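Undergrad: Before anything else, here's the structure in question.
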Amino acid sequence: MEFERLNREQETIFSLLKEIDKICSRNGISYFLTPRLALHAVRGGNMPDSPFSGGVLMTAADMERFRVAAQEEMPEKRAVESMYSNKRFSGFYLRYENTDTLCLRLNEGRNLQYPSLGIDIYPLRGKMKSRLGHLWNQQMETGWKQFCDGRSVKYSFRDRLCKIPVGIMFLGGRARVGRYLYMKLCKTQNVPDTKEYVIRLKQNTLYYPAEVFSKTNKAVLEGYSFSVPGDMETYLKVWFGSGYEKKLQEVYVPSMTVLTSARVGCEEFFQEAGSADSLVKERNRLYRKDAKGRKRREYLDWAWEYVKMKGAGRTLVQQYTEKKSRILNLYKNEDYPRLEREMKEYGKMMNRYLEEEEVFAPDAELMEIYISLLEKTGRTKQQEKVEKYWIKEKEIY
């Protein structure tokens, strides 16, 4: 294979993907390229620019089989990290790495034993039949993540309470807890007859019908054949949304808080630059020092988005003023299916306003119709939220 178009980081990721494919083929393990790689494979066959785009999906059982198989036939300068082997690893997944490279994310602390370029292997989680068991697993995993990576993701007060039972379990040893949680999640989330798979990412949780992965196709990436799901349309739409084709044109912008290199190994880097602890402590010091400036930037970003929202609201007011009579007729005739279609954009704007704890209420009659529509369509939670903020707004004005 010639790497004429690839830079060194892309070469590294592509080589790791091929190694994963070979390990899976030898051991009868099924896998699927993550949607970004799959999209590039079926639409052009070229590697993405980002060194963080490498990823595959496996069922929870196959992920554990891969971990064991990879450790038994581990090539030189390779490593597989997980909660099972690393007490600071940040979640229930695997990372297959080339330790002769560097990928240090300063905002995520000391999550990796070998901070190097690698492939993230995410589990396709079967839905547990026990609701209580599902909630308990979710709480334990959320608590573990916060001990490992408490800053790159914002957690709610309810999420922060999940640290308590995990912290108590740490009295028996953090490494022991990591192994226990890993094996428990492998066992409980391996549901052979599941009708839906769950994929938990750092910022999002996605739900896929099991039929999407029932068949396997092949797609060529840089001249090499990899596995992708049979239902690619659903696979990409759930992950990216309906505009997934635009993802091909996205430009990768390197982060200032991430150090990557395919020429320098992580161990060699730390020998020259100092330990990972010292680098992370320096990053934490600068992060705290920049707190005021960061808040100011966040406020300016919020203010600009708020102004854009208000501007879009004014434009929408004009549109609904023109078709108000048609909406009133549909309401009087109780034609709720057509009325719901007419009020679709109104509802989208209402959701944007609710995020700012406001309501989009340019016209009292339209507002009454919208609330009535929510009631007729059974969206009671949305109705209660709209009525709550509308009452507050009327009290103010």
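Undergrad: Mind ranking 59-65, 210-216 by how tightly packed they are, going by the mean number of other C-beta atoms within 10 angstrom, highest first? Each step should come with its number before you reach the end.
TA: On the way: 59-65: 21.4, 210-216: 13.9.
Averaged packing, sorted descending, gives the order 59-65, 210-216.
Undergrad: Would you please give the residues with an amide H less than 5 Å from that of Asn217, counting only those at least 5 places away or on a separate chain, with H modeled from the backbone geometry?
TA: Val228, Gly230
Undergrad: Something else: Label points 7 Å out from Cα along the Cβ direction at Arg8 and Arg314: separation in nm?
TA: 5.3 nm
Undergrad: Taking the Cα centre of the chain as origin, work out the dipole magnitude from +1 charges on Lys and Arg Cβ and -1 charges on Asp and Glu Cβ, in debye rounded to 20.
TA: Details: 69 positive and 55 negative charges, 242 e Å.
In debye, rounded to 20, the chain gives about 1160.
Undergrad: Who wins for biggest fluctuation among Ile121, Ile13, Ile199 in a Gaussian network model of the chain, springs between alpha carbons below 10 Å?
TA: Ile199
Undergrad: With only Lys, Arg, Asp and Glu charged, each at its Cβ (+1 for the first two, -1 for the last two), find how big the charge dipole of region 296-397 is about the Cα centre; round to the nearest 20 debye. Could you put the intermediate results ahead of the total?
TA: Details: 21 positive and 21 negative charges, 56 e Å.
So the dipole magnitude of region 296-397 works out to roughly 260 debye.
Undergrad: While we're here: Based on DSSP H runs of at least 4 residues, each adding -39500 (n - 2.57), what is the mean residue ellipticity at 222 nm of the chain after dividing by all its residues, to the nearest 500 deg cm²/dmol? Don't skip to the end; give the middle numbers.
TA: Working: 16 runs with 207 residues, N = 397.
Calculated mean residue ellipticity at 222 nm is -16500 deg cm²/dmol.
Undergrad: Just Val258, Val359, Val153 to compare: in a GNM of the chain, with alpha carbon springs under 10 Å, which one fluctuates most?
TA: Val359
Undergrad: I need the calculated FRET efficiency for the pair Glu73 and Val258, taking r as the beta carbon distance and R₀ as 45 Å, to the nearest 0.05.
TA: On the way: r = 30 Å, r/R0 = 0.67.
That gives a FRET efficiency of 0.90.
Undergrad: Can you grab the distance from the C-alpha centre of region 61-92 to the C-alpha centre of region 185-213, Å, no decimals?
TA: Value for the Cα centre distance between the two parts: 20 Å.
Undergrad: Report the gain in length on full extension from Tyr224 to Lys392: 0.36 nm times residue separation, minus Cα-Cα distance, nm rounded to one decimal.
TA: Numbers: separation 168, 0.36 × 168 = 60.48 nm, distance 6.02 nm.
The span from Tyr224 to Lys392 would gain 54.5 nm if fully extended.
Undergrad: Moving to a separate point now. Could you sort the peptides 128-135, 142-149, 175-182, 371-378 by per-residue average Cβ neighbour count (10 Å cutoff), highest mean leading?
TA: Numbers: 128-135: 11.5, 142-149: 20.9, 175-182: 18.1, 371-378: 15.4.
The densest-packed peptide leads the list: 142-149, 175-182, 371-378, 128-135.
Undergrad: With a 1.4 Å probe and all protein chains left in place, how much of the accessible area of region 316-370 comes from carbon and sulfur atoms, in whole percent? Can you show the working numbers first?
TA: Numbers: 1350 of 3350 Å².
The nonpolar share, carbon plus sulfur, comes to 40 percent.
Undergrad: Under a 10 Å cutoff between Cα atoms, tell me which one of Asn190, Asn329, Asn137 has the largest fluctuation in the Gaussian network model of the chain.
TA: Asn329
Undergrad: Provide the FRET efficiency to the nearest 0.05 for the Lys237-Tyr336 pair, computing r from the beta carbons and using R0 = 35 Å. All intermediate terms of the calculation are to be shown ahead of the outcome.
TA: Details: r = 27 Å, r/R0 = 0.78.
Between Lys237 and Tyr336 the formula returns 0.80.
Undergrad: Moving on. Between Lys129 and Lys376, 0.36 nm times their residue separation minus their Cα-Cα distance comes to what? The partial results should precede the final answer.
TA: Numbers: separation 247, 0.36 × 247 = 88.92 nm, distance 3.17 nm.
Stretched out fully, the Lys129 to Lys376 stretch lengthens by 85.7 nm.
Undergrad: Can you tell me the length gained on complete extension of the stretch Trp304 to Lys22, counting 0.36 nm per residue apart and subtracting the Cα distance?
TA: Working: separation 282, 0.36 × 282 = 101.52 nm, distance 4.95 nm.
My answer for the length gained is 96.6 nm.
Undergrad: In addition: Collect residues whose amide H, placed 1.01 Å from N in the peptide plane, falls under 5 Å from the amide H of Tyr197; neighbours closer than 5 in sequence don't count.
TA: Placed amide hydrogens put Tyr208, Ala210 under 5 Å from Tyr197.
Undergrad: Could you give the semi-axes, largest first, of the ellipsoid that matches the chain, computed as the square roots of 5 times the alpha carbon gyration tensor eigenvalues and rounded to whole Å?
TA: Working: eigenvalues 368, 138, 112 Å².
Gyration-tensor ellipsoid for the chain: 43, 26, 24 Å.
Undergrad: From the phi angles alone, apply the Karplus equation (6.51, -1.76, 1.60; θ = phi - 60°) to region 208-223 and give each ³J(HN,Hα) in whole Hz, x where the residue is Gly or Pro.
TA: So the Karplus estimates, Gly and Pro as x, are 10, x, 4, 4, 4, 9, 5, 10, 10, 10, 10, 10, 9, 10, 6, x Hz.
Undergrad: Quick check: from the Cα gyration tensor, does region 254-397 come out rounded (a/c under 1.5), prolate or oblate?
TA: prolate
The values are calculated or read from the model by the stated rules, or taken from the named source; none is laboratory data. Keep in mind it's a predicted model, so treat the numbers as computed, not measured. Backbone-built Cβ (ideal geometry, glycine too); neighbour counts: all protein chains shown. Accessible surface areas use protein heavy atoms only, side chains included; no ligands, DNA or RNA. Shrake-Rupley method; radii C 1.70, N 1.55, O 1.52, S 1.80 Å.
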